[in-house]
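Notes follow once the structure below has been shown.
The values are calculated or read from the model by the stated rules, or taken from the named source; none is laboratory data. Given the structure is predicted, the values throughout are model-derived calculations rather than measurements. FYI the Cβ positions are ideal-geometry reconstructions off the backbone, even for glycines, and counts take in every protein chain you see. What goes into the accessible areas is simple: the full protein's heavy atoms, side chains included, and nothing from ligands, DNA or RNA. Shrake-Rupley method; radii C 1.70, N 1.55, O 1.52, S 1.80 Å.
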Amino acid sequence: FRNTLRNIQYYHDIGVIGFLGQVSGKNWGPNGLHYYMVSKSLWNPDLDVEAVFEDYCEKGFGPAAEDVKGYYGTYWNAVKTKNVPIKRSPDAGGWSIFESAIDIYTPDVLIKARAYLDKAFLLAKDRPDIIKRLNLLEVSQSYAEKFIPFASAHRQWRRNPSDQGAREQ
């Protein structure tokens, strides 16, 4: 979401007057913040990205806002500090992008994000409206907790020469 605002500011500065985005409509959990950022910045590309982030968390998650900020911050820091670029590699083919996630979303990152999300649920226990929004983040979190071990196992299987025979069958 931070990079998106910078991109929109750049496009505005060079005179672009339109924007077309593509979404499936069913991924508010992982992308709600991104949608919020795009909507706000298209109306005003000079917004302060951190102020919009604060606004989203405060308005959307009320008493759980600080933990939602921590949740997003955990993933943002993981992406920001990754050492491996996300790109296709000849040996992994189409799995390159998925496997690069392993190096970003480490077990420690997943555990830390889970702790923030669990605390957010506790703080919002009396707010069904907020629980519904947190449930969207929960779907995303649960997916990551299942997918990352799968992608890691796939990488290990792909790199293990003793599995080559099984791979060809």
Quick test of your reading of the structure: A65 fulfils all but one of (1) modelled with pLDDT under 85; (2) of a type outside the set (S, T, N, Q); (3) in contact with an Asp or Glu (Cβ under 7 Å, 6 or more places away or on another chain). Name the failing condition by number.
(1)
Determine the pairs where a residue that is more than 12 Å from G62 (Cβ to Cβ), located within segment 114-140, has a partner that is of a type in the set (S, T, Y) and open to solvent by less than 50 Å² (accessible area, probe 1.4 Å) with Cβ atoms under 7 Å apart, the partner being 6 or more residues away or on another chain.
Y116/Y71; Y116/T74; L117/Y71; L137/Y71
Name the one entry in P63, P45 that is farther than 28 Å from K119 by Cβ and either free of Cβ contacts under 8 Å to residues at least 12 places away in the same chain or not aliphatic (A, V, I, L, M) (or both).
P45
Restricting to segment 45-61, what's the tally of residues that are over 25 Å from I111 (Cβ atoms) and open to solvent by less than 60 Å² (accessible area, probe 1.4 Å)?
6
In segment 7-37, anything surrounded by 13 or more Cβ atoms within 10 Å (Cβ to Cβ), more than 22 Å from K132 (Cα to Cα) and under 21 Å from the mean Cα position of the chain (by Cα) is listed as N7, I8
Which listed residue is free of Cβ contacts under 8 Å to residues at least 12 places away in the same chain, within 19 Å of S140 (Cα to Cα) and out of contact with any Gly (no Cβ under 7 Å at 6 or more places or on another chain), from N31, N3, N7:
N31
